[in-house]
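Report on the following structure.
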Amino acid sequence: MPLLRAVKGMNDVLPDAIGRCHVVERAFAETMSRAGFREVRTPYLESTPLFVRAIGDTTDVVEKEMYSFEHHGEPLTLRPEGTAGAARAYLEHSVHAKEPVTRWWYAGPMFRAERPQRGRYRQFFQLGAEVFGDPGPGCDAEVIDMLVGFLAALPVPGVSVVINSIGSANTRQRYREALVEYLTPRAETLSHDSKRRLGTNPLRILDSKDESDREALALAPSIHNFLDEDDKEHFSKLCTHLDALRTPYTVDPRLVRGLDYYTRTLFEIKGAEAELGSGSTLVGGGRYDGMVRDLGGPEVSAFGFAIGLERLLIASKIESSTRVIDAVVVPLGRAAESPALVLGRALRNAGVRCEIDTRGTSLKSQLRRATSLGARFALILGDSEMAEGVVQVKNMDAHSQVRLAPDEAVQTVAANVRSITDDSPHATWVESKEAP
Ligand code: HAM
């Protein structure tokens, strides 16, 4: 029978790799909570019209990348991103009526039927955040600066921020017309995709990597010449704030993003280009002041971002502990098993991560397993130990051993094992390597 495999572009994360995910996820949760963001969890499955309305029906995501199906006549889609669901939840629970500003973060899998390659998957994990109710450029600057600090601390090398403003919906309508007017006489030289986009979503042509598209765009009008006074002021204040924060950035008037909901500020953060390639963006985000209204709610401004976790893990050299447990209890012979179980429970209750090896194999093979799990101590219980009412405590690093009464053995091991375990989020983040 052929082996059943995971769906293409959807990857298993085995326990050896999960430690690095946890380090990043905990660092993110800590960073967000320090800035007053609270975690929100929204469903993986939402109604298809939510994404069509929020993201835009001429975007690549909606046109060709959504996993959509009907269930009992209801059109459903596996979420391709987190912003639409967050805005839906914000509105559905009338959060706007309860608090003037809402700061949410989220972490979870997203689904897009893209062509899989390094750093691009069909199921991928995003760490994201949304601010509802704060229209000011200070909000944009605070979040961008916070992200730069988060990435630098991981660390991710070569972090660079690109910002742009695409103004309001009116601005974009006027710019779209000007761009179409400019590109139409050059349409013959455009790539196949861009020819199609000229009629559907011309702004996306600005994003094209195709050489002939780039040539055709060389003298294209800049969106900055179409911004109204309020848009311009928002953008210039954002730049002033970033300057005051000494957060380096570049302005790229050609920066557009693949989702149609953005207004005014757009930004992307790249890093570790040697590992990721220059085309891969780590973080994408911006302002989307019209989404809550477009979903049937009141006028509420919004700003947010999402980070691709897999890309972040490629970009960062962050390490996690390879120590699975602190101690193993080694019963030698079946008679030692029950006392070993009692000892193991006492160790766990004292905060020591421990495993009891009940395979009934030789001392040598049990100690080999203890080493492979990274155990610092082996607590050996054989006939002679049981006859004397003691436990042999072997320090695996120092290669020394002592015979102690069981209670004393538990206390000694617990006192020796570092208090920092994989369950203490901040400590693991700060101290990403094992202490000597
Ligand atoms: P996005 O630019 O589509 O924005 O995705 C954000 C990040 O998710 C990307 O920069 C990338 O790191 C990661 N990502 C996207 N697609 C894939 C993929 N197929 N495989 C691996 N990683 C991927 C959004 O999703 C917006 N919801 C961000 C946002 C929040 N804007 C406002 N609020």
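Could you please give the count of residues in segment 229-259 that are open to solvent by 60 Å² or more (accessible area, probe 1.4 Å), of a type in the set (D, E) and closer than 30 Å to L295 by Cα?
Number satisfying all stated conditions: 3.
On the given criteria, is S278 surrounded by fewer than 21 Cβ atoms within 10 Å (Cβ to Cβ) and either on the phi > 0 side of the Ramachandran plot or more than 16 Å from the ligand (Cβ to nearest atom) (or both)?
Details: surrounded by fewer than 21 Cβ atoms within 10 Å (Cβ to Cβ): yes; either on the phi > 0 side of the Ramachandran plot or more than 16 Å from the ligand (Cβ to nearest atom) (or both): no.
It is false that S278 is surrounded by fewer than 21 Cβ atoms within 10 Å (Cβ to Cβ) and either on the phi > 0 side of the Ramachandran plot or more than 16 Å from the ligand (Cβ to nearest atom) (or both).
Among the residues of segment 25-61, which ones are more than 22 Å from the chain's Cα centre (by Cα) and in contact (Cβ under 8 Å) with a residue 12 or more places away in the chain?
Restricting attention to segment 25-61, the residues satisfying the condition of being more than 22 Å from the chain's Cα centre (by Cα) are 47-50, 52-53, 56-59.
Result: S47, T48, P49, L50, R53, G56, T58, T59.
When you check Y90 against the structure, is it more than 22 Å from Y288 (Cα to Cα), within 16 Å of the ligand (Cβ to nearest atom), of a type outside the set (V, I, T) and touching a Ser or Thr at 6+ places or on another chain (Cβ under 8 Å), yes or no? Walk me through it before giving the result.
Values: more than 22 Å from Y288 (Cα to Cα): no; within 16 Å of the ligand (Cβ to nearest atom): yes; of a type outside the set (V, I, T): yes; touching a Ser or Thr at 6+ places or on another chain (Cβ under 8 Å): yes.
Against the criterion (more than 22 Å from Y288 (Cα to Cα), within 16 Å of the ligand (Cβ to nearest atom), of a type outside the set (V, I, T) and touching a Ser or Thr at 6+ places or on another chain (Cβ under 8 Å)), Y90 does not qualify.
Quick one: what pairs do we get from segment 64-87, first residue farther than 13 Å from L259 by Cα, second within 16 Å of the ligand (Cβ to nearest atom) and charged (D, E, K, R), C-beta under 7 Å, 6+ apart or different chains?
These pairs meet every condition: T77/E46; R79/E46; G85/E46; G85/R79; A86/E130.
Quick test of your reading of the structure: S301 fulfils all but one of (1) out of contact with any strand residue (DSSP E or B) (no Cβ under 8 Å at 6 or more places or on another chain); (2) within 16 Å of the ligand (Cβ to nearest atom). Name the failing condition by number.
Against the list (1) out of contact with any strand residue (DSSP E or B) (no Cβ under 8 Å at 6 or more places or on another chain); (2) within 16 Å of the ligand (Cβ to nearest atom), S301 comes up short only on (1).
Within segment 61-74, which residues are within 13 Å of the ligand (Cβ to nearest atom) and part of a loop (DSSP other than H, G, I, E, B)?
Looking only at segment 61-74, we keep the residues that are within 13 Å of the ligand (Cβ to nearest atom), and these are 61-62, 64-67.
Scanning segment 61-74 gives a single hit, M66.
Go through segment 327-368 residue by residue and tally those that are surrounded by fewer than 17 Cβ atoms within 10 Å (Cβ to Cβ), aliphatic (A, V, I, L, M) and part of a loop (DSSP other than H, G, I, E, B).
Number of matching residues: 1.
List the helices (runs of 4 or more DSSP H) inside segment 92-208, counting only whole elements, that have at least 1 residues being touching a Lys or Arg at 6+ places or on another chain (Cβ under 8 Å).
Numbers: elements: 95-98, 137-153, 169-183, 192-200.
So the answer is 137-153, 192-200.
Which members of segment 305-334 meet the condition of being near the ligand (Cβ under 8 Å from one of its atoms) and either at positive phi or β-branched (V, I, T) (or both)?
I307
Scan (1) touching a Ser or Thr at 6+ places or on another chain (Cβ under 7 Å); (2) surrounded by fewer than 19 Cβ atoms within 10 Å (Cβ to Cβ); (3) outside any helix (DSSP H, G or I) for the single condition S212 breaks and write down its number.
In the conditions (1) touching a Ser or Thr at 6+ places or on another chain (Cβ under 7 Å); (2) surrounded by fewer than 19 Cβ atoms within 10 Å (Cβ to Cβ); (3) outside any helix (DSSP H, G or I), S212 misses (3) alone.
Does R353 satisfy the condition of being within 16 Å of the ligand (Cβ to nearest atom), in contact with a Ser or Thr (Cβ under 8 Å, 6 or more places away or on another chain), in contact (Cβ under 8 Å) with a residue 24 or more places away in the chain and not small (G, A, S)?
Numbers: within 16 Å of the ligand (Cβ to nearest atom): no; in contact with a Ser or Thr (Cβ under 8 Å, 6 or more places away or on another chain): yes; in contact (Cβ under 8 Å) with a residue 24 or more places away in the chain: yes; not small (G, A, S): yes.
For R353, the condition - within 16 Å of the ligand (Cβ to nearest atom), in contact with a Ser or Thr (Cβ under 8 Å, 6 or more places away or on another chain), in contact (Cβ under 8 Å) with a residue 24 or more places away in the chain and not small (G, A, S) - is not met.
Yes/no per residue for (1) among the charged types (D, E, K, R); (2) within 21 Å of I163 (Cα to Cα):
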site: A84; (1), (2): no, no
site: E92; (1), (2): yes, no
site: V101; (1), (2): no, no
site: F124; (1), (2): no, no
site: V131; (1), (2): no, yes
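Is at least one residue of segment 307-322 closer than 18 Å to T412 by Cα, touching a residue at least 40 places away in the same chain (Cβ under 8 Å) and touching a helix residue (DSSP H, G or I) at 6+ places or on another chain (Cβ under 7 Å)? Explain how you work it out, then say what you get.
So in segment 307-322, the residues closer than 18 Å to T412 by Cα come out as none.
No, every residue in segment 307-322 fails to be closer than 18 Å to T412 by Cα, touching a residue at least 40 places away in the same chain (Cβ under 8 Å) and touching a helix residue (DSSP H, G or I) at 6+ places or on another chain (Cβ under 7 Å).
Pull out all pairs, ordered by first then second residue, where Cβ-Cβ is under 9 Å, the residues are six or more apart or on different chains, the first lies in segment 214-234 and is of a type in the set (S, T, Y), and the second is open to solvent by 60 Å² or more (accessible area, probe 1.4 Å) and part of a loop (DSSP other than H, G, I, E, B).
Close Cβ pairs (under 9 Å, with a partner that is open to solvent by 60 Å² or more (accessible area, probe 1.4 Å) and part of a loop (DSSP other than H, G, I, E, B)) amount to S222/R254.
Whether any residue in segment 283-297 is among the charged types (D, E, K, R) and more than 12 Å from the ligand (Cβ to nearest atom) is what I want to check. Working first, answer last.
Filtering segment 283-297 for residues among the charged types (D, E, K, R) gives 287, 289, 293-294.
Narrowing the set further to residues that are more than 12 Å from the ligand (Cβ to nearest atom) leaves 293-294.
Yes.
Does segment 75-85 include one or more residues that are away from the ligand (no atom under 15 Å from the Cβ), of a type in the set (A, V, I, L, M, F, W, C) and either open to solvent by 50 Å² or more (accessible area, probe 1.4 Å) or touching a Ser or Thr at 6+ places or on another chain (Cβ under 7 Å) (or both)? Break it down stepwise before answering.
Initially, segment 75-85 is screened for residues away from the ligand (no atom under 15 Å from the Cβ), giving 75-76.
Retained after the next criterion (residues that are of a type in the set (A, V, I, L, M, F, W, C)): 76.
Of the ones still in play, those that are also either open to solvent by 50 Å² or more (accessible area, probe 1.4 Å) or touching a Ser or Thr at 6+ places or on another chain (Cβ under 7 Å) (or both) are 76.
Yes, segment 75-85 contains a residue that is away from the ligand (no atom under 15 Å from the Cβ), of a type in the set (A, V, I, L, M, F, W, C) and either open to solvent by 50 Å² or more (accessible area, probe 1.4 Å) or touching a Ser or Thr at 6+ places or on another chain (Cβ under 7 Å) (or both).
Just give me the residues in segment 162-185 being among the charged types (D, E, K, R) and either free of Cβ contacts under 8 Å to residues at least 24 places away in the same chain or surrounded by fewer than 18 Cβ atoms within 10 Å (Cβ to Cβ) (or both), in sequence order. Reasoning before the result, please.
Quick first cut of segment 162-185, residues among the charged types (D, E, K, R) only: 172, 174, 176-177, 181.
Scanning segment 162-185 gives R174, R176, E177, E181.
The values are calculated or read from the model by the stated rules, or taken from the named source; none is laboratory data. None of these values were measured; they are calculated from a predicted model. Note: ideal-geometry Cβ built from the backbone for every residue, glycine included; neighbour counts use all protein chains shown. Heavy atoms of the whole protein, side chains included, go into the accessibility calculation; ligands, DNA and RNA do not. Shrake-Rupley method; radii C 1.70, N 1.55, O 1.52, S 1.80 Å.
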